[in-house]
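Colleague: One structure, pasted below without further comment.
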Amino acid sequence: MPHDDSGLPTYDAEAKMQFLFTLRSRGVTDTRVLGAMEAVDRGLFVQGAFAARAYEDTPLPIACGQTISQPSIVGLMTQALEVGPRHTVLEVGTGSGYQAAVLSHLARRVYTVDRYRRLTQAAEKLFQALSLPNVITLSGDGSHGLPEQAPFDRILLTAAAEDPPGPLLAQLREGGIMVLPVGQSDTVQTLIKVRRTAEGLDYEELRSVRFVPLMEGMGKE
Ligand code: SAH
């Protein structure tokens, strides 16, 4: 992979074109979402040997036994979230930080939380290096949400829950949207979109997905 003067791998034009083509062919058609994904170099969020595969449409291993999501799933989830420039977004499951970086180009402010301090520290360094001051990174069990910062216009879970966590539903503003994978199984879950209206909650099933599980408490690293 080519490198620029800073030693960071550069996003080569051909790989980028192929990356965007694949996203479109898999249903990511919103031009704001495509623009945000074009702006964020996924290669910076994947370490070591896997970095060479950063522009493939595949999930890849990151530290702490977790994964960076498949780019087309990141695109489809972001699209389903209908993020606008005035929105405050909560992401539960920072992982590599890639999804939060994409959201930072679309929203006013992004809070991202992970139960592994090692992951949030690495992601925070990247957000600083990329000058993304509207991302606020926190370590903790995100299934309780962030009561002090609530309510949120948009909430995205990038780990699979058996049911939508009650505290997160409670922290969703009226008119707000939450997107999350739900299911009993470790191998396949359903991506759902929840909308809070004046009358209550509307649920829409989007597609099958496969995510790491939402876990309780802090991680060890
Ligand atoms: N969005 C990430 C991928 C997330 S992988 C990216 O763009 O790379 C799922 C992440 O959810 C993992 O990092 C895992 O540690 C985190 N996670 C699981 N349960 C959690 C919880 N209760 N609170 C916060 N983070 C959690």
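Just so you know, all these numbers are worked out from the coordinates, no wet-lab data involved. The shown structure was predicted, so the numbers you read here are calculated from the model rather than taken from an experiment. With ideal geometry, Cβ positions are generated from the backbone for all residues, glycine too; neighbour counts draw on all protein chains shown.
Colleague: Between rounded, prolate and oblate, where does the range 64-171 land on the alpha carbon gyration tensor, with a ≥ b ≥ c its root eigenvalues, rounded for a/c under 1.5, else prolate if a/b exceeds b/c?
Modeller: Rounded is the answer for the range 64-171, as its axis ratio a/c remains below 1.5.
Colleague: Right, next: Tell me which lysines have Cα within less than 27 Å of LYS125's Cα, excluding those fewer than 8 residues away on the same chain?
Modeller: Candidates past the 8-residue exclusion: LYS16, LYS220.
Colleague: Follow-up question, since we're still on this one. So, by mean Cβ neighbours within 10 angstrom, what's the order for 168-176, 200-208 with the highest one leading?
Modeller: Top to bottom by mean Cβ count within 10 Å: 168-176, 200-208.
Colleague: Using a 10 Å cut-off on Cβ atoms, rank the peptides 57-67, 101-111 from the highest mean neighbour count down.
Modeller: 101-111, 57-67
Colleague: Further question on the same structure: Could you point to the residue in ALA63, VAL113, VAL194 farthest towards the positive end of the chain's charge dipole, with +1 and -1 charges on the Cβ of Lys/Arg and Asp/Glu respectively?
Modeller: VAL113
Colleague: Work out from phi, with θ = phi - 60° and the Karplus expression 6.51 cos²θ - 1.76 cosθ + 1.60, the ³J(HN,Hα) of each residue of the range 193-206, listed in order in whole Hz, and give x for Gly and Pro.
Modeller: Working through the residues one at a time gives 10, 10, 10, 8, 10, 4, 8, x, 10, 9, 10, 10, 8, 9 Hz.
Colleague: So for the chain, taking the charge dipole from beta-carbon charges (+1 Lys/Arg, -1 Asp/Glu), which of GLY219, PRO85, PRO151 sits furthest toward the positive end?
Modeller: Among GLY219, PRO85, PRO151, the one farthest towards the positive end of the dipole of the chain is PRO85.
Colleague: Now, a different point. Please find, in a Gaussian network model of the chain (springs between Cα atoms separated by less than 10 Å), the residue of LYS193, LYS16, LYS125 whose mean-square fluctuation is greatest.
Modeller: Evaluated over the chain, the most mobile residue of the options is LYS125.
Colleague: Now for a different question. How much of the pair distance distribution for the range 114-193 lies past 17 Å, counting alpha-carbon pairs only, in percent?
Modeller: Above the 17 Å cut-off, the range 114-193 has 55 percent of its Cα pairs.
Colleague: Calculated from DSSP H runs of 4 or more alone, at -39500 (n - 2.57) each and per residue, what is the 222 nm mean residue ellipticity of the chain, nearest 500?
Modeller: Calculated mean residue ellipticity at 222 nm is -7500 deg cm²/dmol.
Colleague: In whole Å, what is the distance between the alpha-carbon centres of the range 21-44 and the range 133-147?
Modeller: If we compute the Cα centre of each part, the gap is 25 Å.
Colleague: The range 83-168: which GluC sites (Glu not before Pro) are DSSP loop and have at most 13 other beta-carbon atoms within 10 angstrom?
Modeller: GLU148, GLU162
Colleague: Can you bin the range 1-124 into rounded, prolate or oblate? Criterion: square roots of the alpha carbon gyration tensor eigenvalues sorted a ≥ b ≥ c, rounded for a/c under 1.5, prolate for a/b above b/c, oblate for the rest.
Modeller: Because a/c hits 1.5 or more and a/b fails to exceed b/c, the range 1-124 counts as oblate.
Colleague: What percent of all Cα-Cα pairs in the chain falls into each 10 Å bin, going from 0 up to the bin containing the maximum distance?
Modeller: Calculated P(r), rounded to whole percents: 8, 36, 40, 14, 2, 0.
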